[in-house]
1. Mind checking which residues of the range 70-100 are modelled with pLDDT under 95, out of contact with any Leu (no Cβ under 8 Å at 6 or more places or on another chain) and of a type outside the set (Asp, Glu)?
2. Please identify the pairs in which a residue from the range 121-136 that is open to solvent by 40 Å² or more (accessible area, probe 1.4 Å) has its Cβ atom under 6 Å from the Cβ atom of a residue that is of a type outside the set (A, V, I, L, M, F, W, C) and part of a helix (DSSP H, G or I), counting only partners at least 6 apart or on another chain.
3. Say whether the condition of being touching a Leu at 6+ places or on another chain (Cβ under 8 Å), at pLDDT 95 or above and not in a loop (DSSP other than H, G, I, E, B) is met by at least one residue in the range 108-120.
4. Could you tell me whether any residue of the range 53-67 is surrounded by 14 or more Cβ atoms within 10 Å (Cβ to Cβ) and modelled with pLDDT of 90 or more?
5. Which of the residues spanning the range 102-118 are surrounded by 14 or more Cβ atoms within 10 Å (Cβ to Cβ) and out of contact with any Gly (no Cβ under 6 Å at 6 or more places or on another chain)?
6. Among the residues of the range 143-162, write down those that are touching a helix residue (DSSP H, G or I) at 6+ places or on another chain (Cβ under 6 Å) and open to solvent by 60 Å² or more (accessible area, probe 1.4 Å).
Amino acid sequence: MSNAEPTPAAAAPAPKAGHGRGTVLILAAALVLVSAVCGYALYTLRGHAAQGAAGSEAKVEKKKEGPEVFMPMDPAFVVNFQKADGLSYLQVGVTLMSHDPAALQAAKEADPVIRNALVMLFSAQDYTALSDTAGKQKLQAKALAAVQKIVEDRTGRPGVEALYFTSFVMQ
């Protein structure tokens, strides 16, 4: 070996001052970035898992409830009420809906009580208020609440989930 050839250790350039500090900063930034990505992934997965669990519970609830069961309240309700220029008539067909047949059976057994409550409610209406959709929807909500209260008094739960106007005639 000649003295002119450098040894492998001598061939490597000497590290510059401060070079290790830059590497540490890059590694620290990479670590922060990886932590942020992992945190976001964990947050997202937990969110989806919670939504999935809630969705599963909702599906289980629907399966427990059973199919929709409808009960028309026949005959249709016919009431008179005051209009600005005289007497007016209202005819309303009503159908109840529930997923619980026992609730509809309770409503059927309480038919006279429900019909009385609805006749009183319908006859207390204002012609002008019922002339638009919002007025009819408000009346529908009040009628449902009245039926639910009567059924709840008998069964301990509202039971009836919806009340539909199957006909609505004002004259």
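The values are calculated or read from the model by the stated rules, or taken from the named source; none is laboratory data. It should be emphasised that the depicted structure is a prediction, and the values quoted were computed from it without experimental measurement. Methodologically, a virtual Cβ is constructed for each residue, glycine included, from the backbone with ideal geometry; neighbour enumeration extends over all protein chains shown. Note: areas computed on protein heavy atoms with side chains; ligands, DNA, RNA excluded. Shrake-Rupley method; radii C 1.70, N 1.55, O 1.52, S 1.80 Å.
1. Answer for the range 70-100, where residues must be modelled with pLDDT under 95, out of contact with any Leu (no Cβ under 8 Å at 6 or more places or on another chain) and of a type outside the set (Asp, Glu): GLN82, LYS83, ALA84, GLY86, LEU87, SER88, TYR89.
2. ALA129/GLY135
3. Scanning the range 108-120 turns up no residue that is touching a Leu at 6+ places or on another chain (Cβ under 8 Å), at pLDDT 95 or above and not in a loop (DSSP other than H, G, I, E, B).
4. no
5. Once the filter is applied, which keeps residues that are surrounded by 14 or more Cβ atoms within 10 Å (Cβ to Cβ) and out of contact with any Gly (no Cβ under 6 Å at 6 or more places or on another chain), the range 102-118 yields LEU104, GLN105, ALA106, ALA107, ALA110, VAL113, ILE114, ARG115, ALA117, LEU118.
6. Passing the criteria: only ARG154.
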